[in-house]
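One structure is given here, and the rest of the page talks about it.
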Amino acid sequence: MSFEKFVKSRFMLCEGDDDKGFFEALTRSLDIEFQICHVAELNKQNTGGVSAFGSSLKGIRITTGFRDVLKAVLLVANNHVAGESDKLIRNALFDSGFTPPVAQGCRGYMDEKPVVILTVPMGSPGGIETLVLPAIYDKWPEAERCVDAFLESTGANAWAKGKSLDKARARAAIVGFHERDPYKGIGHLFRNGTLSLDHPCFDEIKQFLKDFDSLCSI
């Protein structure tokens, strides 16, 4: 747990460091200021993933700056099973004594602070890896030709969990281009500008972020 206080009026909480790195780069490119954390930074167990939103929201009211600095909150989760993450986060908000949004595109309230839920990709199942894969293939088109063949040869293409398969596709496409550090994550590659945010696969989320203040009436 490393989060200490709110220092910006907009706060975004996401599942993990890859999500955090991507959204740090994206909001910077749009010149929209968010303080961005992932859930493990807000709970004592240092636990990540959508199931950790509950423990990460429990003590947020007493965090320095909640009353006088914070104006709006965006909670971001992967959308591996349609509707599941949204439901888990709404339950986490309710269990913490807040009023969850009735649906995506609506706002709830953390006391008087508007709160909005965003699942990624918007409107379809998947995760951050699903969202960014077109940009990865655009950067390294030679990888696109062999990733599916590699997954088929290993049997990974038959994995039951779609989220694991999406992670495997992204990792397989990236790893061969980073001899010094084959474990480079998606978040790091967006932070340092290796992967471009100009791909049209990001247009919908860019527009959502541009509309965030209007949605929250701030």
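The values are calculated or read from the model by the stated rules, or taken from the named source; none is laboratory data. Since this is a predicted model, take the numbers as computed values, not measurements. FYI the Cβ positions are ideal-geometry reconstructions off the backbone, even for glycines, and counts take in every protein chain you see.
Would you confirm, using the coordinates I've provided, whether residue 206 is assigned by TED's automatic domain parsing to the domain that holds residue 33, surrounded by 14 or more Cβ atoms within 10 Å (Cβ to Cβ), under 17 Å from the mean Cα position of the chain (by Cα) and not acidic (Asp, Glu)? Please lay out each step first, then the result.
Working: assigned by TED's automatic domain parsing to the domain that holds residue 33: yes; surrounded by 14 or more Cβ atoms within 10 Å (Cβ to Cβ): yes; under 17 Å from the mean Cα position of the chain (by Cα): yes; not acidic (Asp, Glu): yes.
Taking the combined requirement at face value, the residue satisfies it.
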**Residue check, residue 58 charged (D, E, K, R), surrounded by fewer than 22 Cβ atoms within 10 Å (Cβ to Cβ) and over 23 Å from residue 218 (Cα atoms)** = yes
**Asked** Looking at (1) under 30 Å from residue 61 (Cβ atoms); (2) in contact with a Gly (Cβ under 6 Å, 6 or more places away or on another chain); (3) of a type in the set (A, V, I, L, M, F, W, C); (4) assigned to a helix (DSSP H, G or I), can you tell me which one residue 205 breaks?
**Response** (2)
**Per-region count, the stretch 4-39, residues in contact with a helix residue (DSSP H, G or I) (Cβ under 6 Å, 6 or more places away or on another chain), among the aromatic types (Phe, Trp, Tyr) and either part of a helix (DSSP H, G or I) or free of Cβ contacts under 8 Å to residues at least 40 places away in the same chain (or both)** = 1
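Given the criteria over 30 Å from residue 98 (Cα atoms), charged (D, E, K, R), in a helix (DSSP H, G or I) and out of contact with any strand residue (DSSP E or B) (no Cβ under 9 Å at 6 or more places or on another chain), does residue 138 qualify?
Values: over 30 Å from residue 98 (Cα atoms): yes; charged (D, E, K, R): yes; in a helix (DSSP H, G or I): yes; out of contact with any strand residue (DSSP E or B) (no Cβ under 9 Å at 6 or more places or on another chain): yes.
Considered against the rule, which asks whether it is over 30 Å from residue 98 (Cα atoms), charged (D, E, K, R), in a helix (DSSP H, G or I) and out of contact with any strand residue (DSSP E or B) (no Cβ under 9 Å at 6 or more places or on another chain), residue 138 comes out as yes.
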**Prompt:** Which of the residues that make up the stretch 120-151 are of a type in the set (Asp, Glu) and buried (at least 17 other Cβ atoms within 10 Å of the Cβ)?
**Reply:** 129
**Message:** What's the number of the only condition in (1) surrounded by fewer than 18 Cβ atoms within 10 Å (Cβ to Cβ); (2) in contact (Cβ under 8 Å) with a residue 12 or more places away in the chain; (3) of a type in the set (Lys, Arg) that residue 67 fails to meet?
**Reply:** (2)
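So that you can scan it fast, the table gives a plain yes or no per residue for (1) in contact (Cβ under 8 Å) with a residue 24 or more places away in the chain; (2) in the same structural domain as residue 206 (by TED's automatic domain parsing); (3) closer than 26 Å to residue 17 by Cβ:
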position: 89; (1), (2), (3): yes, yes, yes
position: 100; (1), (2), (3): no, yes, yes
position: 115; (1), (2), (3): yes, yes, yes
position: 138; (1), (2), (3): yes, no, yes
position: 145; (1), (2), (3): no, no, no
position: 151; (1), (2), (3): no, no, yes
position: 159; (1), (2), (3): no, no, yes
position: 163; (1), (2), (3): yes, no, yes
position: 167; (1), (2), (3): yes, no, yes
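Select from the stretch 40-52 the residues that are part of a loop (DSSP other than H, G, I, E, B) and not polar (S, T, N, Q) and write down the one among them that is farthest from residue 119 (Cα to Cα). Before you say what the answer is, go through the steps one by one.
The initial filter retains those residues of the stretch 40-52 that are part of a loop (DSSP other than H, G, I, E, B), namely 42-49.
Filter once more, keeping what is not polar (S, T, N, Q): 42, 44, 48-49.
Working: 42: 20, 44: 24, 48: 16, 49: 13 Å.
Result: 44.
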**Request:** Scan the stretch 60-84 for residues that are more than 16 Å from the chain's Cα centre (by Cα) and either farther than 24 Å from residue 33 by Cβ or β-branched (Val, Ile, Thr) (or both) and jot them down.
**Result:** 60, 62, 63, 64, 69
